[in-house]
4 protein chains.
Amino acid sequence: MRFIWVASQVYRRTNRPFSASALIKSKEHKRVFVLTLQITPFPLALSKGQSSIVVGGVTIGGSRPVVIAGPCSVESREHALEAATEVLAAGAQLMRGGAYKPRTSPYDFQGLGLDGFKFLYEAKQLTGLPIVSEVMSAKQIELAEPFVDIFQIGARNMYNYELLKEVGRTRRPVLLKRGLTATIQELLCAAEYILLEGNTQVILCERGIRTFETHTRNTLDLSAVAVLKSLVPLPVIVDPSHGTGRRELIRPMSRAAIACGADGLLIEVHDHPCDALSDGDQAITSATLKEIIADVHKIHSALFSVAEAFGETLLKLAEPVHANAGNAR
Amino acid sequence: MRFIWVASQVYRRTNRPFSASALIKSKEHKRVFVLTLQITPFPLALSKGQSSIVVGGVTIGGSRPVVIAGPCSVESREHALEAATEVLAAGAQLMRGGAYKPRTSPYDFQGLGLDGFKFLYEAKQLTGLPIVSEVMSAKQIELAEPFVDIFQIGARNMYNYELLKEVGRTRRPVLLKRGLTATIQELLCAAEYILLEGNTQVILCERGIRTFETHTRNTLDLSAVAVLKSLVPLPVIVDPSHGTGRRELIRPMSRAAIACGADGLLIEVHDHPCDALSDGDQAITSATLKEIIADVHKIHSALFSVAEAFGETLLKLAEPVHANAGNAR
Amino acid sequence: MRFIWVASQVYRRTNRPFSASALIKSKEHKRVFVLTLQITPFPLALSKGQSSIVVGGVTIGGSRPVVIAGPCSVESREHALEAATEVLAAGAQLMRGGAYKPRTSPYDFQGLGLDGFKFLYEAKQLTGLPIVSEVMSAKQIELAEPFVDIFQIGARNMYNYELLKEVGRTRRPVLLKRGLTATIQELLCAAEYILLEGNTQVILCERGIRTFETHTRNTLDLSAVAVLKSLVPLPVIVDPSHGTGRRELIRPMSRAAIACGADGLLIEVHDHPCDALSDGDQAITSATLKEIIADVHKIHSALFSVAEAFGETLLKLAEPVHANAGNAR
Amino acid sequence: MRFIWVASQVYRRTNRPFSASALIKSKEHKRVFVLTLQITPFPLALSKGQSSIVVGGVTIGGSRPVVIAGPCSVESREHALEAATEVLAAGAQLMRGGAYKPRTSPYDFQGLGLDGFKFLYEAKQLTGLPIVSEVMSAKQIELAEPFVDIFQIGARNMYNYELLKEVGRTRRPVLLKRGLTATIQELLCAAEYILLEGNTQVILCERGIRTFETHTRNTLDLSAVAVLKSLVPLPVIVDPSHGTGRRELIRPMSRAAIACGADGLLIEVHDHPCDALSDGDQAITSATLKEIIADVHKIHSALFSVAEAFGETLLKLAEPVHANAGNAR
């Protein structure tokens, strides 16, 4: 009772959403009532974000992990159709592919642009696989809208708040990648920008952070998966391709991602990695993809019994880092 | 002769600009001719970028360092006018001020928007100080154009290539800040995106990089100043306010920046730092600004004699990290 | 034939061990012979390091993963004996415990010293669990020798080359932790210091690296496990306790470590984490340890069938990052 | 009065040194009394560390900056004597040189050992320059004692607490380098280990930290100089050689170091950098050293007038980051 009164006072003063938690702790045989009113920087991610998102019949954040696969960039119509057929055959449930590519150098291949979106759409019509593709400006969102099912915000644009607001104004799911050296809190604040515009479908994606290690392109931070799952209800997927930058590490890191609770994987596939116009070093073949998907199911079955729902298991797995639900009486 | 022939062959094959260098090295009493044809990732920064930029009568990259000062965000019309008067009195040559603010949290003060640009313009009319202000989208560039003299691209948008192209299409000078953990090469590639659209007026800005140190908000990388000056002709300025995040460090780091060859400083000033709507911790008063400007002149006079031009001295100071001009005969 | 001749010439010139690899690559329908003679910085780690180490009947690096568990510091005789009994009951195969503790502040608890080693030895006599404990100087090695089965070199001492030489001169297995921000190459060079003194029993340990993330104490770099397994034959274990610094992340990260091929886990256990004299935040109870050990077996069985040896499977799993064995014909 | 009572209570409970500060702040026209009792992790660095240290007639931390110069490693008797003569002629006040070298690879040149110390001692007898040389173990301290004036603890050993205790037990000044990615707090805690053994002569050295930048070997963190000077009385010097790893950056960064308040410089000099047995890339010639020393004096004279003592000026320059002296009445 008093709890609600205090909370309403806080709201009146700050005019800003907050999360409240009340705990009864036992300390040295005494029970202590601890009331925490936190003006969390991501209240909507906590309360409004959808825990599962359905796209073209596929559920992301549901009881089974999903695999999104495809080439780094779409290179031609044939390439897109062939890639879609192959990742479908390997067992992927969604297709990824870049039409506009953010490249460090302006002289590197920048993608096919609008044609890229169109070829992906054709690939979808052929295979039924929903499409994930990156957008980098308000104009590209407009161009992509008729063709793409999930808008990807790349790591380089995680701090591009104007772009986050733009995708927030659409009602299309957004796959939001963690920035190159972004903290978990910054990633959730970026998600908040999208949610604040009314779009409740945000999928978080761990894709490796910059460290001093040179054997890998980035360092895949799998603990971020467990932390994110404990902080917010949003689905969390892992991109082991950018996360490691090396073909031979995709399979072990995919296994590890599922084992620590990821809702899915985002994997670059190219059947002639050496000829790929971008990121060939980290692309696997569809044959390897098939093996990875088999691993995913093995691990998922071993750890999460069919009887209980995946979500509940996870809840038990990752005891909350911050208790957000109170138990005041 | 043969050198030119080889170079032209490379160009024919790659259809891409490159830098060539030829060296005659002495090694163990033998002279070795070393020809290096490097498809540098930033050929235009090397060849087309302006080494000095004149804005409203002030030369950035000229024989004397410049100081750009003003509040983090414009908070009101009065605030803008007062701030301009004060930084002018303290000796600053340009004014900075934010109308649109990129904030990690969507719940933090986001700036006055268009009004901010208008108030800055009024401040300019009052004091004559040219205006530097940040833009974050194509739309904001349009809004800023009538009011702002130099477009600032903030650290969070250094990788926002669509925005870089947009400011590249204008003919207004661009102050490009280094990204949160960007390498020098990535900063120069970002400059290249602007130059490639035909805008030759790019000012580079070191503003601190993320490290593990917690006593400072960022770690100001002053060696980047000397490296940049040795790599490209573009003017390089230093932002000790974001670079350290602590008021008491602005003065020593401003001194150090000038001592190692920076073309100028970008400093946040607020006469009531505690009441500032953003970044109060790192704002200095105009009284301290005056002392800093006095230091700047003392160091500059001590190190760089009046007789010789500043630019030439620097050239001697920072022997080139990569020799780009050959001495083949 | 010629291959061997070239190799012997290299050795004659450098008088230094090296690794040679020969590959026949197919490129555009032509077969190309590529001979790589690399003066690797860690030749002994490649050629002399033991892939499995037997301590008190337990095989580290064998066909099944091992779990080393125990308190951060030994706090008393009772504490050591109780802890040993509990981790044995939970299914651990070795016991860890600190007698000398490297602490950032000289005012923090520094461990029980020699008594700590003695209590651990008593615990071993009670339970049969071999003991892993840290040493930080030549003198401590001497003190530990009668009581400890595996010498641990902590992350802070990975660059302490004099200490590495000292443990290299013993014939006791060494558990070598990766430094706070050490690269994989630096870790292998540290191992090389030990091997060069004639000690072939080195166990590598990933324990998290320093990054900008604040939700976790360190960032556990699980891709390092797959990279290390592909580079050298040495056993690789993972310490999720220091790697994350948070109790609730130990279980998901332990699962992930085994899934990506680790040979074992090093876990801090304390039955009253709140009262622990050091690192209480990251200690789990023996009840949670039991659940983790169950997970380890589930994942291992699911991924690595009983028929084939664990080692071979791994070989297939992690296709070599650098091909070190040639296939010249 | 009450202030002292509270303080004594804290001491009674914690039995540990602490720093107390009391402030009277004005906030919204009300005066607020703020009492802060901080159990600082480095109380002795605050209270017992010497602000200036006299070695062989040279004062480090006095009214003028000092320059310590010499080769990375001592390569022969002739080399040591020649180097000493040259750095003396260039204006250096102390000589540095490595006898035992910590190298990442055990196959790299490890130094001349004891002979190195002896040659340095001869160089001292010839030139009068006091000697700074690194020690890495208790045994090396013993060997160095008759020959070396200042013990250097290298970056790789900053966390080697057993070694810190050993040099703490001597009564020789210690030059303590910041660890590869150590925070300022960790550096001061390392100093505390030395002070706690009764050695009050600790010189702190900023030598660059590991970042993602690849143009420089490390990133010289000059803001650390200003922060350290504001936190503790100990002398602070800068090593631009390891701090940048590139010859052409030594001069600009030396200028910057003095401009932001460093008490001195530690510079690697080698008259045939290409033939140096270690770290040739970052060695400058004695001719450049002479120019740098001239710069040092120019900047120091320009910024710090002769009338007032250097120390007092600095005090004004760097307003304290943490107010440690109270003004309660």
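Let me confirm one metric for peptide A:96-104, namely the mean number of other chain beta-carbon atoms within 10 Å of its residues' beta-carbons.
Details: counts 0, 0, 0, 0, 2, 1, 4, 3, 11.
For this peptide, the per-residue mean of nearby foreign Cβ atoms is 2.
Net charge around B:GLU122, counting only other residues with Cβ within less than 11 Å of its Cβ (Lys, Arg = +1; Asp, Glu = -1)?
Details: positive: B:ARG77, B:LYS118, B:LYS124; negative: B:GLU78, B:ASP115.
Counting the neighbours of B:GLU122, the net charge comes to +1.
Check C:LYS101: other-chain or 5+ apart residues with amide H under 5 Å from its amide H, H built from backbone geometry?
Sorted by chain and number, the residues that satisfy this are C:GLY111.
Return the sequence-ordered ³J(HN,Hα) values of the range A:258-272 in whole Hz as given by the Karplus equation 6.51 cos²θ - 1.76 cosθ + 1.60 applied to θ = phi - 60°, using x for Gly and Pro.
Coupling constants for the range A:258-272: 5, 4, 9, x, 5, 7, x, 10, 10, 10, 7, 10, 8, 7, 10 Hz.
Which three extents, in whole angstrom, do the alpha-carbon atoms of the range C:48-305 cover along their principal axes, largest first?
42, 41, 40 Å, listed from the longest principal axis down.
Could you order peptides B:169-181, C:261-273, B:256-268 by the average number of other Cβ atoms within 10 Å of their residues, highest first? Please report the intermediate quantities before stating the final value.
Numbers: B:169-181: 21.2, C:261-273: 24.3, B:256-268: 28.5.
Ranked from most to least packed, the peptides come out as B:256-268, C:261-273, B:169-181.
Across the residues of C:164-170, average count of Cβ atoms on other protein chains within 10 Å? Could you put the intermediate results ahead of the total?
Values: counts 1, 2, 1, 0, 1, 0, 0.
Across C:164-170, the average partner-chain Cβ count within 10 Å equals 1.
For every other residue with a beta carbon closer than 13 angstrom to the beta carbon of B:GLY56, add +1 if it is Lys or Arg and -1 if Asp or Glu, then tell me the sum.
Values: positive: B:LYS124, B:ARG172; negative: B:ASP149.
Net of charged neighbours comes to +1.
Within 10 Å of each Cβ in A:182-194, how many Cβ atoms from other chains are there, averaged over the peptide?
On the way: counts 6, 7, 4, 5, 6, 0, 1, 6, 3, 0, 4, 4, 1.
Other-chain Cβ atoms within 10 Å of each residue's Cβ, averaged: 4.
Sum up the charges of everything whose Cβ sits under 14 Å from the Cβ of B:SER286, counting Lys and Arg as +1 and Asp and Glu as -1, but leave B:SER286 out. Spell out each step's value before the answer.
Values: positive: B:ARG96, B:ARG247, B:ARG251, B:LYS290; negative: B:GLU82, B:GLU86, B:GLU268, B:ASP271, B:GLU291.
Local net charge: -1.
Mind listing the long-range amide H neighbours of D:SER73? Cut-off is under 5 Å, sequence gap 5 or more, other chains count too, H placed in the peptide plane at 1.01 Å from N.
Hits under the 5 Å cutoff: D:GLY98, D:SER278.
Can you run phi through the Karplus equation (6.51, -1.76, 1.60; θ = phi - 60°) for the range C:115-127 and list ³J(HN,Hα) in whole Hz, with x for Gly and Pro?
Along the range C:115-127, the couplings run 4, x, 4, 5, 5, 5, 5, 4, 4, 5, 4, 6, 10 Hz.
Out of the chymotrypsin sites (Phe, Trp or Tyr not before Pro) in the range A:81-112, which ones are loop residues according to DSSP with at most 16 other C-beta atoms within 10 Å?
Details: sites: A:TYR100, A:TYR107, A:PHE109; in loops: A:TYR100, A:TYR107, A:PHE109.
Sites meeting the loop and neighbour criteria: A:PHE109.
I need the phi-derived Karplus couplings for the range A:282-293: 6.51 cos²θ - 1.76 cosθ + 1.60, θ = phi - 60°, integer Hz, Gly and Pro marked x.
10, 8, 9, 7, 5, 5, 5, 4, 4, 5, 5, 5
Distance from the Cα centre of the range B:111-142 to that of the range A:161-228, in angstrom?
31
Quick one: which residues, 5+ away or cross-chain, put their amide H under 5 Å from the amide H of C:ILE209? H built at 1.01 Å from N.
Hits under the 5 Å cutoff: C:THR219, C:LEU220, C:ASP221.
Give me the compactness ratio for the range C:228-310, meaning the Cα radius of gyration over 2.2 N^0.38 Å.
Compactness ratio reported: 1.18.
Throughout, read-outs are computed from the coordinates displayed, never taken from laboratory work. Quick caveat: nothing in here was measured; it's all calculated off a predicted structure. Positions of Cβ are backbone-derived with ideal geometry, glycine not excepted, and every protein chain shown enters the neighbour counts.
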